[in-house]
1. Considering only the range 56-72, I want to know if a residue exists there that is under 17 Å from residue 133 (Cβ atoms), in contact with a Gly (Cβ under 7 Å, 6 or more places away or on another chain) and not hydroxyl-bearing (Ser, Thr, Tyr).
2. Return yes when residue 196 is under 27 Å from residue 282 (Cβ atoms), crowded, with 17+ Cβ neighbours inside 10 Å and within 19 Å of the chain's Cα centre (by Cα) and no when it is not.
3. Among (1) under 28 Å from residue 237 (Cβ atoms); (2) touching a residue at least 24 places away in the same chain (Cβ under 8 Å), there is one condition residue 405 misses while meeting the rest; what is its number?
4. Restricting the search to the range 2-15, which residues are closer than 19 Å to residue 178 by Cβ, more than 18 Å from the chain's Cα centre (by Cα) and either in a loop (DSSP other than H, G, I, E, B) or not hydrophobic (A, V, I, L, M, F, W, C) (or both)?
5. If residue 368 meets every condition in (1) surrounded by fewer than 18 Cβ atoms within 10 Å (Cβ to Cβ); (2) within 27 Å of residue 293 (Cα to Cα) apart from one, which number is that one?
6. Within the range 84-98, how many residues turn out to be farther than 17 Å from residue 169 by Cα and assigned to a strand (DSSP E or B)?
7. Condition first: touching a strand residue (DSSP E or B) at 6+ places or on another chain (Cβ under 8 Å) and closer than 21 Å to residue 1 by Cβ. Can you find one or more residues in the range 213-221 that meet it?
Amino acid sequence: MGGVFGVASNDNCITDLFFGVDYHSHLGTRRGGMAVYSREAGFQRAIHNIENSPFRTKFEGDVGEMAGPLGIGCISDTDPQPLIVRSHLGTYAITTVGRINNLEELMDYAFQNGSSHFLEMSGGKVNPSELTACLINQKDTLVEGIRHAQQLIDGSMTLLLLTKDGIYAARDRLGRTPLIIGKKDGAYCVSFESFAYLNLGYKEKHNLGPGEIVRITPEGYETLNPPGKKMKICAFLWTYFGYPTSSYEGVNVEQMRYDCGRLLAQEDTDVQVDFVAGVPDSGTAHAIGYANESGIPFARPFIKYTPTWPRSFMPQNQAARHQVAHMKLIPVDALIRDKRLLFIDDSVVRGTQMRETVDFLYDSGAKEVHIRPACPPILFGCKYLNFSRSTSDHDLISHSVIEELEGEEGFRHLEEYCNSKSERYQKMVEGIRKRMKMTTLRFQSLEGMLGAIGIDPDQICTYCWTGRE
């Protein structure tokens, strides 16, 4: 995924920028970056690898060396950002959140329209922010260029663009990811996460709509491109990505998860267990909601070792992720041994970590392990955000079980597998349960998840579960 933060201030913005970006650390693990502008020093930039240590420890030294009234920064799960670009539109820094599915096609388009080269990164990839800047530079103004880029990109694209005169902020054309403007005396900020500026003294001023483009200065902001009417914000912002204190479209993440667990418990009245628990961290609030509704005691049968494993994301390497998942969770024998446990997790994607969790609980002496994912089975890999590291739909455990049940023929019936009332759906869920050796398995329904979010379902992207855009 990734997150972005920007500040336009009458004074030096670097402290607010540093802490605002740091508050997005739950959204990515690979790179962090900041860029600031001052009339005296021009554009300054720092980018660090944050795979093995938090953003804060890597950038503490930069805070004393960088200065300026305008700045943007990011946490990125993909590429080094922000980039500094010099073009006929002037010099600017750019950082993006999103996904470009038609990257090769857009590169060919850029070559045909005057671009001579792109810098190739390790792995043969091109930085999506660089490609986005190239598309922007094909037009006569920044606003026209941003609109041009968003119209051509298949996927999603939210961005911040820092110039010497202010910050341009553009929310994705269909609002798949958020941007919010905050205000305090002498400064404005723009943030992916709604909570990132609260402890810095900012108050929420404006929530950008889908496709809206604004220019932010220390004196205020102006809308340069009005918001569109159609929105498809990602449901996983509530169930998985979002920090508990975040709010999207006015709906708080923690409250949504309580409600999601509550609705799940209302449909799950025939299970007999000793404790309800959440898989840390994103499953915990769902479990609290379930426990409060069902009357079954909430417990924490294993605890995350936060002094050295505070972050919810994993390393990029698969083997390292497995090792970290094992190392960071420590069992509480008194709450596991000979107990019937019901665990709620945010989702089941490939099933690797869930299978290890179930094995871990049995190895620790659990009598029964009941699993309740807080969303429906994922049947389609996300095309709009980098939600999963899976490179193919066939990496999904749902696809693996479908292939086991019916071979390739099964993929002609995905619509039935999406329908929780169909026989095929029931067989798929049972196949997942058996493979993972769970006592019982019951997924949250699509209706339950959407009901917990509580906004117009037509404004929410549910592609991962329905395959419909």
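1. Looking for residues that are under 17 Å from residue 133 (Cβ atoms), in contact with a Gly (Cβ under 7 Å, 6 or more places away or on another chain) and not hydroxyl-bearing (Ser, Thr, Tyr), one finds at least one in the range 56-72, hence yes.
2. Judged against the criteria, residue 196 is a match.
3. Here residue 405 meets the rest and fails (1).
4. 6
5. Going through (1) surrounded by fewer than 18 Cβ atoms within 10 Å (Cβ to Cβ); (2) within 27 Å of residue 293 (Cα to Cα) one by one, residue 368 breaks only (1).
6. Of the residues in the range 84-98, 2 are farther than 17 Å from residue 169 by Cα and assigned to a strand (DSSP E or B).
7. No: the range 213-221 contains no residue that is touching a strand residue (DSSP E or B) at 6+ places or on another chain (Cβ under 8 Å) and closer than 21 Å to residue 1 by Cβ.
For every residue, the table says whether it meets (1) within 25 Å of residue 411 (Cα to Cα); (2) in a loop (DSSP other than H, G, I, E, B); (3) under 26 Å from the mean Cα position of the chain (by Cα).
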{"site": "427", "(1), (2), (3)": "yes, no, no"}
{"site": "432", "(1), (2), (3)": "yes, no, yes"}
{"site": "435", "(1), (2), (3)": "yes, no, no"}
{"site": "443", "(1), (2), (3)": "yes, yes, yes"}
{"site": "448", "(1), (2), (3)": "no, no, yes"}
{"site": "452", "(1), (2), (3)": "no, no, yes"}
{"site": "464", "(1), (2), (3)": "yes, no, yes"}
{"site": "469", "(1), (2), (3)": "yes, yes, yes"}
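The values are calculated or read from the model by the stated rules, or taken from the named source; none is laboratory data. Source: prediction; values computed, not measured. Positions of Cβ are backbone-derived with ideal geometry, glycine not excepted, and every protein chain shown enters the neighbour counts.
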